[in-house]
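The values are calculated or read from the model by the stated rules, or taken from the named source; none is laboratory data. Keep in mind that what you see is a predicted model, and the values were worked out from it rather than measured. Glycine gets a Cβ as well: all are built from the backbone with ideal geometry, and neighbour counts include every protein chain shown.
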Amino acid sequence: MNRSLVFAMAAVVGLALGPLAGAADDQAALAKQAKISKEKAQEIALKKAPGTVESSELEKEKGTLVYSFDIKTAKGGITEVLVSAIDGHIVDVSHETAAKEAAEKKKEAHEKKQSQTKTTHH
């Protein structure tokens, strides 16, 4: 394979993986700031809203570092529980209908697409 083609392919792969590496770096930086484990935070969340954890993430929200858990409850719908990653207190609890959950996922996908666009243009 000629050398310029190899470099071009490497550049394309680097651009494609760049946003993912950035997200992993962000998660690693956030994880270093957390004082409680994800497992402990999940225990706390499930006491507040018993059910099945559908998804979870470590993020900055409402001005603090939190573990965010989307929990499918027996009542139906999703209850989002935010647990402080610093001291384990409940930061927020909100019940999301299926429509609200779909709208939030659409918004997050749009924001992610925008941040990836910004990353590739820098």
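General remarks:
- The single residue among Glu59, Glu54 that is charged (D, E, K, R) and under 20 Å from Leu30 (Cβ atoms) turns out to be Glu59.
- Filter result for Lys40 (surrounded by 13 or more Cβ atoms within 10 Å (Cβ to Cβ), over 17 Å from the mean Cα position of the chain (by Cα), part of a helix (DSSP H, G or I) and at pLDDT 95 or above): yes
Yes or no, residue by residue, for (1) at pLDDT below 95; (2) over 14 Å from the mean Cα position of the chain (by Cα); (3) under 17 Å from His89 (Cα atoms); (4) among the small types (Gly, Ala, Ser):
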position	(1), (2), (3), (4)
Val6	yes, yes, no, no
Val12	yes, yes, no, no
Leu20	yes, no, no, no
Ala24	yes, no, no, yes
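- One residue stands out among those in segment 65-85 that are surrounded by fewer than 14 Cβ atoms within 10 Å (Cβ to Cβ) and of a type outside the set (Gly, Ala, Ser): the one that is nearest to Ala31 (Cα to Cα), which is Thr73.
- Gly51, sole failed condition from (1) surrounded by 12 or more Cβ atoms within 10 Å (Cβ to Cβ); (2) on the phi < 0 side of the Ramachandran plot; (3) among the small types (Gly, Ala, Ser): (2)
- Among (1) more than 25 Å from Ala28 (Cα to Cα); (2) free of Cβ contacts under 8 Å to residues at least 24 places away in the same chain; (3) surrounded by 14 or more Cβ atoms within 10 Å (Cβ to Cβ), the one test that Ala99 misses: (3)
- Taken over segment 71-95, the criterion of being closer than 15 Å to Lys47 by Cα and among the acidic types (Asp, Glu) is satisfied by Glu80, Asp92.
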